[in-house]
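Here, each number is a calculation from the coordinates, and none is a lab measurement. These numbers come from a predicted model, not from an experiment. Please note: Cβ atoms are built from the backbone with ideal geometry, for glycine as well, and neighbour counts cover all protein chains shown.
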Amino acid sequence: MRQLSEDDRPGLRERKKARTRASIQEHAVRLFRAQGYDDTTVEQIAEAAEVSPSTVFRYFPTKEDLVTSDEYDPMLIAAFRAQPSGLGPVPVLRGALREIFAGMSAAELALQRERILLTLSVPALWGANLANLIETLRMLTELVATRQGRPRDDIAVRTFSGAVFGVMVEVMFRWAQEPDMDIPAELDRSLAQLETGLPLRED
């Protein structure tokens, strides 16, 4: 029986895939910002990332996905669920976001901001970005409902989730225009303000 090499081990394979995916997206965002979204081809992105166009499409099925797709929703789900029991939904979310941002490098933060700038400035991306925002709101509503032991369609859960999501989107969009903003601190401060003024009350 052939021994498994290091490259055969799932952990290493997954890390290699993650590096390839990140490299493709980094080059795509750089080229979109330098040349314009419409004037940049998938072939140019593939050449810059030293992969084939088919590899680009394997990781990003559409050109829009090169900007709008990321791995942060699964990270938020895991971090949210890992927070200590007994906390309210806002402290849970604040803790989850602090955990995520603590694990991000300066380069990853810069890429995230560049992606937001593109989604705001390129009309071709608005539809895909809206679909992603709707899915993130749905995910957040599910997390809050489960944490609170309430139905997903509970009006308090939906109102609370919408308010929290609105705060997060507003801060993210403002960060795109204010590069010196300390985004983790501003998100935390804004969510704390929301908790003070709009708590999720039990009936």
Between the Cα axis of helix 10-35 and the main Cα principal axis of the chain, the angle (0 to 90°, nearest 10) is 80 degrees
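Using the 10 angstrom Cβ neighbour count as an exposure proxy, how do Val122, Val169, Val90 rank, fewest first?
Working: Val122 17, Val169 14, Val90 22.
Least to most surrounded, the residues fall as Val169, Val122, Val90.
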Options (i) 51, 24, 18; (ii) 37, 20, 15; (iii) 33, 22, 15 are given for semi-axes √(5λ) of the Cα gyration tensor in Å, and the computed one is (iii)
Connecting every pair of Cα atoms under 10 Å apart in the chain and solving the GNM, the largest mean-square fluctuation among Asp188, Asp73, Asp38 falls on Asp38
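Based on DSSP H runs of at least 4 residues, each adding -39500 (n - 2.57), what is the mean residue ellipticity at 222 nm of the chain after dividing by all its residues, to the nearest 500 deg cm²/dmol?
Working: 10 runs with 146 residues, N = 203.
Counting only the DSSP helices, I get -23500 deg cm²/dmol.
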GluC sites (Glu not before Pro) in segment 60-99 lying in a DSSP loop, each with at most 11 other Cβ atoms within 10 Å of its Cβ, come to Glu71
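How would you rank Phe60, Phe160, Phe101, going from fewest to most other Cβ atoms within 10 Å of each one's own Cβ? Let's see the in-between values first.
Working: Phe60 20, Phe160 24, Phe101 17.
Listing Phe60, Phe160, Phe101 from fewest to most nearby Cβ atoms yields Phe101, Phe60, Phe160.
When a footprinting reagent is the concern and you count Cβ atoms within 10 Å, what order do Asp180, Asp153 take, fewest first?
Asp180, Asp153
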